[in-house]
Each structure stands twice: as C-alpha cells, then as structure tokens.
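Colleague: My questions all concern the structure below.
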Amino acid sequence: MIIAEVIKHLEDFAPIATAEDFDNVGLLVGDATTALKGVLVTHDTLEEVVEEAISKNCNLIVSFHPIIFSGLKKLNGKNYVERAVIKAIKNDIAIYAIHTALDNHHLGVNKIMCDKLGLQNTKILIPKNGVIKKLTTYVPKEQADELRKKLFEAGAGAIGNYDECSFNISGTGSFKPNLDSKPTIGKKNEIHFEEEIQIGVIFPKHLESRILKALFKNHPYEEVAYELITLDNSHQQMGMGMIGELPEAIEEVEFLSLVKKTFKADGIRHSKLLEKKVKKIAVLGGSGSSAIDAAKSAGVDFFITADLKYHDYYRAEQKLVVADIGHYESERYTKNLLHSYLSKKISNFAIILANTKTNPIKYY
C-alpha cells in the first residue's frame with residue numbers, strides 16, 4: 001500500500017473539496033506515492049508528534065489540524081511550525097490534515113459532540129450553500145436506463161436519506177450530422193429525429209469531474225448535449241455546527257455539569273443562565289462565534305463551542321446561553337473518529353492513536 005491509498009480512504013469519507021476556502025487541508029508534507037509503513041493519528045502535528053511517529057515506525061501522520069495554515073516563506077526552525085515540518089521532511093514522514101472537511105461532514109466533528117451528549121434528532125446548524133449542482137442530459141430512450149445507472153454509480157442522485165433520485169421527461173430530439181461527423185444514430189447530412197429521455201440529477205460539487213466522466217464514457221452520442229447549473233439549495237448534510245435535543249429537558253446547571261464531564265473541560269465560560277430547563281442544543285467544535293446568530297435563530301437553549309471573546313457573550317442577549325468549553329476540548333474525540341475509521345478500512349497496517357498531548361492551554 002502507498003500513502004495515496006490512505007488518502008483516498010480519508011477523502012472518500014470527507015472530501016477536501018468540502019473544506020472551507022480559508023483552510024489548508026490535504027497532503028501538506030511528503031510524497032503520496034511513498035510506500036506506507038504505518039499511520040499515526042493525532043489532533044495536532046507538533047514536533048513531539050513527529051518524534052512519536054518516528055519511534056513507532058509510522059511514515060504518515062493523519063492530523064485534524066493543519067500544521068501549515070498560512071504560507072511558509074522560510075524553513076529555518078525558528079518556530080514550532082517550521083521545526084515540525086523540518087523534522088518530518090528529514091525523516092521522510094508525510095503529513096495529511098483534514099480539518100474543516102471533517103467539520104462540514106454530517107458524521108464528523110459536530111456529530112461526535114452530539115453523540116457524546118446523547119442528543120437526538122440531529123441536523124446541520126448552518127447548511128452549506130452553493131455546493132449542489134444539477135446535470136441535465138438527453139439520451140435515446142433505449143440507453144436511458146444504463147446511463148442513469150452509471151450516473152448513480154458515480155455519485156449522482158443522492159438527496160438526504162434517498163439515493164438514485166432523478167427526474168425524467170420523454171421527448172423528441174433532432175440533429176443533423178455534418179460530413180465530418182461519426183453519428184451513432186442517423187445519417188450524415190440528413191436531419192434525424194430520435195425519441196429521447198431528458199435525465200435530470202443533482203450531485204455535490206466536488207463530484208463534478210467524476211459525474212462528467214461517467215456521462216461522456218457511457219453516453220452513446222458522439223456529441224453529448226448536457227447542461228450544468230449550480231443550485232441555490234442548501235446542502236442539508238454538509239455544513240458547520242449541529243442542532244440536537246436532549247431526551248428530556250434538564251436544569252441548566254445539570255447540563256453544564258454534563259458538558260464539563262463529557263468533554264473533560266477544566267472550566268466552562270458561559271453567558272448568563274436563564275433559569276429555565278434546557279432541551280434544544282447547538283454545538284460547533286472549535287472556533288464558533290460566527291454561529292451565535294444562527295443558534296439564536298434556531299431557537300436553541302444552549303450553544304456549546306469555543307474561542308469566544310468578551311463581546312460574544314453579550315450577543316446571547318438572554319435568548320440562549322453560549323458556553324466556551326475550550327477549543328481542544330470541543331474537538332477531543334475527533335482523532336478517535338479518524339482512528340476508528342482508518343482501522344476499519346485498513347486492517348493490514350498499523351493505525352496508531354497518538355499518545356502525545358497537544359492541548360496548549362493549561363489551567364491554574
């Protein structure tokens with residue numbers, strides 16, 4: 001097995017094309033064609049983590065956070081980022097980061113938070129826009145079933161909990177092949193009318209090249225007529241944050257105790273308690289101040305996130321309680337998810353969960 005095969009498994013689950021534009025995800029260091037020795041899964045790639053990978057004979061580090069976030073102009077070892085990268089390069093260790101690709105996944109970071117808290121009826125807090133595309137094409141009636149099947153196999157036609165969705169209209173197409181053409185149906189220089197099916201399917205934007213490849217490979221015509229548009233619909237299984245409900249409403253202090261215990265937080269900063277029971281909860285792992293307004297609009301009782309600033313607590317406006325449990329704490333189970341997923345996909349290589357503690361924040 002080579003490193004690229006591990007990357008394929010990761011991107012089948014959380015494609016890097018679904019990450020936020022500001023992010024730096026994917027293979028950050030190393031050559032994907034290198035033979036794999038072992039995989040170390042971590043939350044952050046620090047120099048100590050690279051040393052752990054060396055000691056455990058792992059030449060691929062799968063990290064939640066990217067060690068390289070903004071551009072590196074020099075590699076002199078003058079800061080923790082440069083030192084980690086230099087050590088990885090010297091020891092032929094590749095580094096792959098998944099970050100917001102997993103944040104945006106409906107079974108990713110925020111689903112883990114919901115599951116750990118025992119939340120039910122979960123859904124995305126801020127569904128992602130501009131990521132659903134629609135393909136419309138026209139095919140002879142006899143070949144419609146086969147082409148539709150191939151488009152489904154490529155990933156088209158999935159809507160929420162439903163697969164193989166399409167819309168089909170019967171009609172008559174016309175065309176006149178010129179003298180340089182090689183028509184599958186019809187004759188050169190003669191207008192031809194063909195009973196056709198118009199097939200319409202939607203798909204996530206990151207699958208566009210795969211869908212078009214399936215279209216061109218399996219369509220019988222020499223020239224394929226098709227239309228591609230981006231829809232305004234939000235993707236209900238892709239986006240930031242998540243909403244869920246407790247099985248039963250509980251007191252605010254009881255819920256805070258549950259959160260503190262669940263995420264092993266040494267302290268929780270929160271806005272004013274509203275002296276009412278809580279049931280509907282929003283979560284967003286990592287820095288989540290940008291989602292406070294969305295949480296308010298959703299009518300939740302509590303919003304659990306991290307990295308809140310002083311004025312963010314005012315934004316609660318006594319409509320909900322916003323709580324900062326710590327950046328690392330909110331994402332602490334992410335590496336376990338990646339480790340479990342890769343262990344199931346790759347059984348003949350060592351998939352090791354890093355022991356190195358990477359949380360930089362300490363409490364007195």
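Colleague: Could you identify the single residue in K296, K345, K319 that is of a type in the set (K, R) and within 18 Å of I124 (Cβ to Cβ)?
Modeller: Details: K345 fails: within 18 Å of I124 (Cβ to Cβ); K319 fails: within 18 Å of I124 (Cβ to Cβ).
The conditions single out K296.
Colleague: Can you list the strands (runs of 3 or more DSSP E) lying wholly within region 163-262 that have 2 or more residues being more than 30 Å from S287 (Cβ to Cβ) and not aliphatic (A, V, I, L, M)?
Modeller: Ranges flagged: 167-175, 192-204, 226-230.
Colleague: If the requirement is being surrounded by fewer than 23 Cβ atoms within 10 Å (Cβ to Cβ), among the small types (G, A, S) and either under 30 Å from G244 (Cβ atoms) or touching a strand residue (DSSP E or B) at 6+ places or on another chain (Cβ under 8 Å) (or both), which of these qualifies: A97, A101, A4, A35? Give the steps one after another, and end with the answer.
Modeller: Values: A97 fails: surrounded by fewer than 23 Cβ atoms within 10 Å (Cβ to Cβ); A101 fails: surrounded by fewer than 23 Cβ atoms within 10 Å (Cβ to Cβ); A4 fails: either under 30 Å from G244 (Cβ atoms) or touching a strand residue (DSSP E or B) at 6+ places or on another chain (Cβ under 8 Å) (or both).
Checking each option against the conditions leaves just A35.
Yes/no per residue for (1) farther than 17 Å from A97 by Cα; (2) modelled with pLDDT of 95 or more; (3) open to solvent by 40 Å² or more (accessible area, probe 1.4 Å); (4) touching a helix residue (DSSP H, G or I) at 6+ places or on another chain (Cβ under 6 Å):
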{"residue": "D293", "(1), (2), (3), (4)": "yes, yes, yes, no"}
{"residue": "F303", "(1), (2), (3), (4)": "yes, yes, no, yes"}
{"residue": "L308", "(1), (2), (3), (4)": "yes, yes, no, yes"}
{"residue": "G326", "(1), (2), (3), (4)": "yes, yes, no, no"}
{"residue": "Y333", "(1), (2), (3), (4)": "no, yes, yes, yes"}
{"residue": "S343", "(1), (2), (3), (4)": "yes, yes, yes, no"}
{"residue": "I346", "(1), (2), (3), (4)": "yes, no, no, no"}
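Colleague: Being surrounded by 15 or more Cβ atoms within 10 Å (Cβ to Cβ) and closer than 18 Å to T334 by Cα: is that true of I54 here?
Modeller: Numbers: surrounded by 15 or more Cβ atoms within 10 Å (Cβ to Cβ): yes; closer than 18 Å to T334 by Cα: no.
Judged against the criteria, I54 is not a match.
Colleague: I'm trying to understand the selection: among the residues of region 191-212, which are more than 30 Å from D21 (Cβ to Cβ), open to solvent by 90 Å² or more (accessible area, probe 1.4 Å) and not aromatic (F, W, Y)?
Modeller: Looking only at region 191-212, we keep the residues that are more than 30 Å from D21 (Cβ to Cβ), and these are 191-199.
Narrowing further to those that are open to solvent by 90 Å² or more (accessible area, probe 1.4 Å): 191, 193, 195.
Across region 191-212, the qualifying residues are I191, E195.
Colleague: Could you tell me whether A265 is part of a helix (DSSP H, G or I) and either under 17 Å from I112 (Cα atoms) or open to solvent by less than 60 Å² (accessible area, probe 1.4 Å) (or both)? Outline the logic, then answer.
Modeller: Working: part of a helix (DSSP H, G or I): no; either under 17 Å from I112 (Cα atoms) or open to solvent by less than 60 Å² (accessible area, probe 1.4 Å) (or both): yes.
Against the criterion (part of a helix (DSSP H, G or I) and either under 17 Å from I112 (Cα atoms) or open to solvent by less than 60 Å² (accessible area, probe 1.4 Å) (or both)), A265 does not qualify.
Colleague: Regarding L215, is this residue open to solvent by 40 Å² or more (accessible area, probe 1.4 Å) and over 30 Å from G118 (Cα atoms)?
Modeller: No: the conditions fail for L215.
Colleague: Identify the residue in region 118-127 that is of a type outside the set (V, I, T) and open to solvent by less than 60 Å² (accessible area, probe 1.4 Å) and, among all such residues, is nearest to Y226 (Cα to Cα).
Modeller: Within region 118-127, the subset of a type outside the set (V, I, T) is 118-121, 123, 125, 127.
This time we only want the ones that are open to solvent by less than 60 Å² (accessible area, probe 1.4 Å), so: 118-119, 125, 127.
Working: G118: 46, L119: 43, L125: 34, P127: 28 Å.
Of everything passing the filter in region 118-127, P127 is nearest to Y226 (Cα to Cα).
Colleague: Do you know which residues across region 97-127 are at positive phi and outside any loop (DSSP other than H, G, I, E, B)?
Modeller: Hits for region 97-127 are H99, N121.
Colleague: Another question, if that's okay. Would you please name the residue that is farthest from T334 (Cα to Cα), looking only at residues in region 7-31 that are open to solvent by 30 Å² or more (accessible area, probe 1.4 Å) and among the small types (G, A, S)?
Modeller: Out of the qualifying residues, it is G30.
Colleague: Return the total of residues in region 128-154 being surrounded by fewer than 20 Cβ atoms within 10 Å (Cβ to Cβ), part of a strand (DSSP E or B) and either of a type in the set (G, A, S) or in contact with a helix residue (DSSP H, G or I) (Cβ under 7 Å, 6 or more places away or on another chain) (or both).
Modeller: 1
Colleague: Filter the helices (runs of 4 or more DSSP H) completely within region 1-91 down to those with at least 1 residues that are of a type in the set (F, W, Y), farther than 21 Å from I351 by Cα and modelled with pLDDT of 95 or more.
Modeller: So the answer is 80-90.
Colleague: Could you look through region 155-184, keep only residues that are exposed (fewer than 13 other Cβ atoms within 10 Å of the Cβ) and among the hydrophobic types (A, V, I, L, M, F, W, C), and pick out the one that is farthest from D232 (Cα to Cα)?
Modeller: Filtering first and then ranking leaves L179.
Colleague: Residues of region 78-94 being crowded, with 16+ Cβ neighbours inside 10 Å and either touching a residue at least 60 places away in the same chain (Cβ under 8 Å) or aliphatic (A, V, I, L, M) (or both), which ones?
Modeller: Quick first cut of region 78-94, residues crowded, with 16+ Cβ neighbours inside 10 Å only: 81-88, 93-94.
Across region 78-94, the qualifying residues are V81, A84, V85, I86, A88, I93, A94.
Colleague: Name, by its number, the condition in (1) polar (S, T, N, Q); (2) within 17 Å of the chain's Cα centre (by Cα); (3) open to solvent by less than 70 Å² (accessible area, probe 1.4 Å) that does not hold for N59.
Modeller: (2)
Colleague: With respect to the numbered conditions (1) loosely packed, with under 13 Cβ neighbours inside 10 Å; (2) in contact with a helix residue (DSSP H, G or I) (Cβ under 7 Å, 6 or more places away or on another chain); (3) within 16 Å of R269 (Cβ to Cβ), which one is the sole condition not fulfilled by K362?
Modeller: Checking K362 against (1) loosely packed, with under 13 Cβ neighbours inside 10 Å; (2) in contact with a helix residue (DSSP H, G or I) (Cβ under 7 Å, 6 or more places away or on another chain); (3) within 16 Å of R269 (Cβ to Cβ), the one that fails is (2).
The values are calculated or read from the model by the stated rules, or taken from the named source; none is laboratory data. It should be emphasised that the depicted structure is a prediction, and the values quoted were computed from it without experimental measurement. All Cβ positions, glycine included, derive from the backbone under ideal geometry; neighbour counts span all protein chains shown. What goes into the accessible areas is simple: the full protein's heavy atoms, side chains included, and nothing from ligands, DNA or RNA. Shrake-Rupley method; radii C 1.70, N 1.55, O 1.52, S 1.80 Å.
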